[in-house]
Amino acid sequence: EMATLDRYLINLCKRGGGKLELNDSAVQTARILVELEHPRRVAPNARSLIESVMTKTGGNAEDFSVGGWAEYLGPDMTWHLDVVYKVHPSTDQNSEVYYNVGPRRRLRRYDIRKPQEGLVRIFGYRPWVWQQWAMLKLEEQLRFQQGNHHDFERFKIPLYVRDLWFEWLNLPDNEDFKKHLSDPRISHCQDDLFDHIMKPFYLLDDIRREDGWDFDSGEVSIFTYWGLLGSGFSMCIICIVLQICIPLVLLSNTLYNLQEEGLLPGNADDSEGRKGDTADEDFTHLVILQNLFCVSGNANCTLRQFTTLIIVCVQILYLVKVIPDSEVTFRNVIGVGGYGKEYSFARVKALRRIVTDRNNDRMSQAIGNMWDFYMNTLYVYFLFMLNIFNILNQASPTDVVLNALALEFVFKIDEEYAKSVWWDPNKRWLKAGIMEVAMQSTLRFRVLQSARLFSDHFGVTEEEILLGCDDDVNLLKNEELSSHDCTNFDYKDDSELFEHFCMEKSRKVSKTAEVKDEFTKLRRVFGAPEQRLFRLVTHVSSFFRLSLAIDGFCVFNRHRAYCTWSRWKKVLFIPAIPELDELFEINADGVPIISKLLEKVKHKPEKPFYNFSTDTSLVDPQKALRKRQCHVLSFQAYRSYIKKSLYERDFDRFLFWLWNGLLEWLTFIVQVGFPLYNIGLLCLVPSCLKLIDSLSKKTLVGDQTCNCMPVSFSPCVDAVLEYDPLAPYLQDVVNCTYIDEQIRYSDFNVTAGIQKVAETFQTNVQQLFLGGENPEILTVLSELPCEILEACSRQECQNQQQSLL
């Protein structure tokens, strides 16, 4: 057993009589032990990866050694290759061995696997082609029929796939691969290969059993169902209409009120910022900014000050509660993921993002996932900004609080629908959708229908794969051949044959619906309207004998067109088997060892190793979020989407990403800008309070405002008040203090108070006009514009001037 640093230091202390004396040799030895126990992360080479695959440390049940390489499942639901830093040995027979791999600590053997790069170099690509076939066979077996032994919640996935594996190994056409497995140099690696290939199926079984998964997350919305299942869009459309129309109506009402009060251009009424006759002429940008970012509306100065303070409280709440919550939701929705059962929704979105990045989703799924993304990110941020604009134009603190509370209901309508008991009882549809997406993240259906992509992915020539698929350019995708092969007895195993004959026998005995449902895979579509529409299309196509590819809309029936078992029977054995003599050499003792020439084969950007990345930030959700932001904001993500669509020659997806990529960029801009917008509004609060204070000091004469509120009497009185030369003579006749007194005397009835003021003011103005004792007043009166004279009397302007003189 290799010495450890602890034991080495203890021995040094014993030799020194309780004193630790370190010479150059002891320091060098300690450094070596530290390096062995705590290895540094360096770029792997092919030899080290193959050694990690072949590592067997004896009878202590440790499959990985310190300094070796292993793959672990990250929060983004992808496998990451990293160094094994520490092994926690088992303390007894019943305890497990735990491993520290990369940034993860105390991982079980179930949570890690051998490096794919090393396994591919030893066993070739044939097991991974089998994995695609096995996933299709599994989908064919699964059903959405509660109580049926093939129902996805009851079906024993690992047991079924294990039987497929050994059945495939023992096929006569696979004799060469079976012989390859029995080679004494690599025979002990068979279990590691099987464990690696089975990981996607173990994940499906964990979801089925809800082991480490929580499906009661409040973040799941009806758009999530649409993005997972590709159906259920009828209720989503209704929700979209509601969630868009309600804010638009509120915004339109606010803008209309602002125009009616003269606080925005477009209405001829008087306003606080006007000094001319027409609003659009003298309306300055400063006044518009004041109305947009400070409290406005028909309210007095005191009420505006209280409303401003309440809005400050709301904005502080946004900063300390809403913005952090929105960032966490944003991180979960974009597929960064997380560790633990509490991050189940984040891991679902991470799986969904894998499917999106690989262009492996259907168009209905892509549209649903797009709405799920934007309604939980861009829409929410716009809604909060709209709410701030609305509450800035409220007249009272109570209205501000009510508007802020109403917002919570609006943007959570989609989540509340998903919580309803009638929407998805027991979350069966949600679980089925997640399992389907997990299968899509493994199944490369675009690779299976393109000779060029298949050749790049599985290391075979295009000529070989085309020959195995009867020179069909769609390779393994063929609706007509699939329908034939699925009913052909030659491609059914013993259990499938047994079920088929049981079905035939039961139909002869009884033709009830129960018997039919027991042995027939029902075609189920999520959503009652969608299910009825599917039945209608099925009946129409059957009546007119139309061959419509409609089975792909049904759950656990998405890839039926790829079930061309006659072609799979040949394709499964096309990938070549590696030559082991090229991987091994004989040392001086005559023992085969891994060739040292493989140390020169290293990870390169142009030829990378599977699942290895020099960027370790991807496994930290917070760092991954920042990296994703930089990736999107710099348009790198946009270019990668376009490039991948063109590489796969999927022009429909190319058009989809042209505009969806721009919306994604806008979403990340708003996500970064919303906190800055909120902080900027808080910085404007002192200016807004100063503005309110200045408005409170304005007098009625010349400004025609009292306590921040516009005061309007009659055309005659309004015209006189706006005439600046009369201002010195009217200050004592009428003022804001007198108006406030009259409003209080009228039991705070503003209309009644202003009416009393208007009557008194009319009398005082008439007395001022008829006084004539002050020559200056006569001079001012003689120069009154005709508009004022005509507003104050029905007589012609010329007659009025003569009577005044």
Distant-in-sequence amide H partners of I593 (H built 1.01 Å from N, under 5 Å) = E585, I586, N587
Per-pair calculated FRET efficiency, R0 = 56 Å: S396 and R109 via Cβ, rounded to 0.05 = 0.30
Table column - 3J(HN,Hα) (Hz), the stretch 318-328, Karplus curve with 6.51, -1.76, 1.60, x for Gly and Pro = 4, 5, 9, 10, 5, 5, x, 4, 5, 5, 5
Ordered by residue, what ³J(HN,Hα) values in Hz, to whole numbers, does the stretch 620-628 give under the Karplus form 6.51 cos²θ - 1.76 cosθ + 1.60, where θ = phi - 60° and Gly and Pro are x?
-> 9, x, 5, 5, 5, 4, 5, 5, 5
Loop-located chymotrypsin sites (Phe, Trp or Tyr not before Pro) in the stretch 610-651, at most 13 other Cβ atoms within 10 Å (DSSP) = F635
Between K341 and I669, the two model label points (7 Å from Cα along the beta-carbon direction) sit apart by a distance in nm of 4.3
Is the shape of the stretch 427-493 rounded, prolate or oblate, going by the alpha carbon gyration tensor and its root eigenvalues a ≥ b ≥ c, with a/c under 1.5 for rounded and a/b larger than b/c for prolate?
-> oblate
Return one whole number: the accessible area per residue of the stretch 90-173 in Å², for a 1.4 Å probe.
-> 41
Relative to the present Cα-Cα distance, how much length would full extension add between D470 and T538 at 0.36 nm per residue of separation?
-> 21.4 nm
Give, in nm to one decimal, the length gained when the segment between N94 and K179 is fully stretched (0.36 nm per residue of separation minus the Cα-Cα distance).
-> 27.1 nm
Whole-percent carbon and sulfur share, accessible surface of the stretch 52-151, 1.4 Å = 45
Consider all pairwise Cα distances in the stretch 557-633 and report the whole-number % of them above 15 Å.
-> 78
Counting sequence-distant residues (5 or more places) and residues on other chains, those with an amide H built under 5 Å from that of K86 are N100
Listed here are the pairs K56/K86; K349/K627; K137/K643; K156/K419; K477/K570; which of them are more than 21 Å apart at the Cα?
-> K137/K643; K156/K419
Between R7 and T487, what is the label-to-label distance in nm when each label sits 7 Å out along the Cα-to-Cβ direction?
-> 7.0
With each label point set 7 Å from Cα along the Cα-Cβ vector, what nm distance links K627 and K690?
-> 4.6
By per-residue mean of other Cβ atoms within 10 Å, what is the highest-first order of 42-49, 625-632?
-> 42-49, 625-632
Each residue of the stretch 492-498 in order: what ³J(HN,Hα) in whole Hz does its phi give by Karplus 6.51 cos²θ - 1.76 cosθ + 1.60, θ = phi - 60°, with x for Gly and Pro?
-> 10, 7, 4, 5, 5, 5, 4
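If I take R0 = 56 Å and measure r between the Cβ atoms of E582 and E327 in this structure, what FRET efficiency does the formula 1/(1 + (r/R0)^6) give, to the nearest 0.05? Can you show the working numbers first?
Numbers: r = 51 Å, r/R0 = 0.91.
So, using R0 = 56 Å, E works out to roughly 0.65.
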Give me the percent of Cα-Cα pairs in the stretch 107-149 that sit more than 13 Å apart, rounded to a whole number.
-> 70
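The values are calculated or read from the model by the stated rules, or taken from the named source; none is laboratory data. Fair warning: this is a prediction, and the values are worked out from it, not measured in the lab. Don't worry about glycine lacking a Cβ; one is built from the backbone with ideal geometry, like all the others, and counts go over all protein chains shown. Each accessible area value is taken on the protein alone, full model and side chains, heavy atoms only, with ligands, DNA and RNA left out. Shrake-Rupley method; radii C 1.70, N 1.55, O 1.52, S 1.80 Å.
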